[in-house]
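**Student:** Can you read through this structure? Questions will come right after.
The values are calculated or read from the model by the stated rules, or taken from the named source; none is laboratory data. Since the structure is predicted, the reported quantities are computational estimates derived from the model, not experimental observations. Neighbour counts are summed over all protein chains in view; Cβ atoms, including those assigned to glycine, are modelled from backbone coordinates with ideal geometry.
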Amino acid sequence: MDKVTVFDVAKYFLARVEVDLGSVITHLKLQKLCYYSQAWHLVFTDGEKMFDQKFEAWAHGPVCPELWTFYREYSWQAIPSSKDFNYDKFDKKRLETLEEVWNTYSEYDAKYLERLTHQEDPWIEARGTCLPGEACSTEIKPESMKEYYSKFLDA
């Protein structure tokens, strides 16, 4: 089985969008869904990454720079749904994590998810002394994500 990338995870979420029912995913929302996929997979699997790409503590929340570059042309517009998605790319654990993230976060809009990440320790800690709106390329460490979100597993 090929290694899963953040782009595979993004395609999973884009394949789930029900455009005919008025659902959309913007770049900002896609970033947050991919971030939560990484975070929760670390928790559910005791430290196994969903994918190898990293997230940085940007002004609008966690961002994977490679994903940002790939979808940047969409800016704040809806990204078209993905029709060429292959579920075989994912093992059972990854699919369970993705389903859990989709069921938990997909109903929220991008700005709500941004505000949510701004209240969570991994992003706050990675931002350090950066001012609101200031550029920041500090990595949000997987260890920080696992430690923080693990607190909510048994809550």
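**Student:** Filter segment 21-44 for residues that are charged (D, E, K, R) and either out of contact with any helix residue (DSSP H, G or I) (no Cβ under 7 Å at 6 or more places or on another chain) or over 14 Å from Ile140 (Cα atoms) (or both) and give the result. Spell out the reasoning first.
**Tutor:** If we filter segment 21-44 for residues that are charged (D, E, K, R), which is where we start, we get 29, 32.
Selection gives Lys29 alone.
**Student:** Give me the helices (runs of 4 or more DSSP H) completely within segment 70-129, filtered to those with at least 3 residues that are at pLDDT 95 or above and either among the aromatic types (Phe, Trp, Tyr) or under 13 Å from Lys29 (Cα atoms) (or both), ordered by residue number.
**Tutor:** 92-105, 110-118
**Student:** If you go through segment 1-45, how many residues are within 17 Å of Thr104 (Cα to Cα), in a helix (DSSP H, G or I) and not charged (D, E, K, R)?
**Tutor:** Going through segment 1-45 one residue at a time, the tally reaches 21.
**Student:** Among Ala10, Ala15, which is touching a Phe, Trp or Tyr at 6+ places or on another chain (Cβ under 9 Å), small (Gly, Ala, Ser) and at pLDDT below 95?
**Tutor:** When all the criteria are applied, what remains is Ala15.
**Student:** Something else now. Scan segment 134-153 and give yes if some residue there is among the β-branched types (Val, Ile, Thr), at pLDDT 95 or above and assigned to a loop (DSSP other than H, G, I, E, B), otherwise no.
**Tutor:** Among the residues of segment 134-153, at least one is among the β-branched types (Val, Ile, Thr), at pLDDT 95 or above and assigned to a loop (DSSP other than H, G, I, E, B), which makes the answer yes.
**Student:** Could you give me the residue pairs with C-beta distances under 6 Å whose first residue belongs to segment 45-62 and is more than 15 Å from Lys146 (Cβ to Cβ), whose second residue is among the β-branched types (Val, Ile, Thr) wherever it lies, and which are 6+ apart or on separate chains?
**Tutor:** Filtered contacts from segment 45-62: Gln53/Val6; Glu56/Val63; Ala57/Thr138; Ala57/Ile140; Gly61/Thr117.
**Student:** Can you tell me which residue in segment 98-155 is nearest to Gly22 (Cα to Cα), limited to those that are without any contact (Cβ under 8 Å) to a residue 12 or more places away in the chain and of a type in the set (S, T, N, Q)?
**Tutor:** Once the filter is applied, the top-ranked residue is Asn103.
**Student:** For segment 99-106, does any single residue satisfy the condition of being of a type in the set (Phe, Trp, Tyr), within 21 Å of Ser144 (Cα to Cα) and surrounded by fewer than 21 Cβ atoms within 10 Å (Cβ to Cβ)?
**Tutor:** Yes - at least one qualifying residue is present in segment 99-106.
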